[in-house]
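Asks: After the structure tokens below, expect a handful of questions from me.
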Amino acid sequence: MKPEYANTFGIRKVSDKDGEVLEVTLDIAYKYMETAMTVTPKGMENISTPAADYVASIVMNRQSAISLRNLLIQTLGTEP
């Protein structure tokens, strides 16, 4: 099933030896539960297992990540 939206976000960063952030990657995925019917000694059982579909990864340099953060704050505001 091709995802139509994303519901999971992860972030990774690459730093230099001094700890300065060089690059940030925003990973975007769609997680859901897959279900299947299987035959067991008890009869038919519905088995659910977690699954995930990759949507995209966005790689940004430090300034691009800061710009994205500022855009999100400008759009959504700050928490009360």
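Asks: Taking the Cα atoms only, what angle lies between the long axis of helix 62-76 and the longest principal axis of the chain, rounded to 10 degrees?
Replies: Result, in degrees: 70.
Asks: Mind listing the long-range amide H neighbours of Ala6? Cut-off is under 5 Å, sequence gap 5 or more, other chains count too, H placed in the peptide plane at 1.01 Å from N.
Replies: none
Asks: Also, quick follow-up: With 21 Å as the cut-off, how large is the P(r) tail for the chain, expressed as percent of Cα-Cα pairs?
Replies: Summing the P(r) tail past 21 Å for the chain gives 54 percent.
Read-outs throughout are calculated quantities, based only on the coordinates presented, and are distinct from any laboratory measurement. All of these numbers come straight from a predicted model, not from anything done at the bench.
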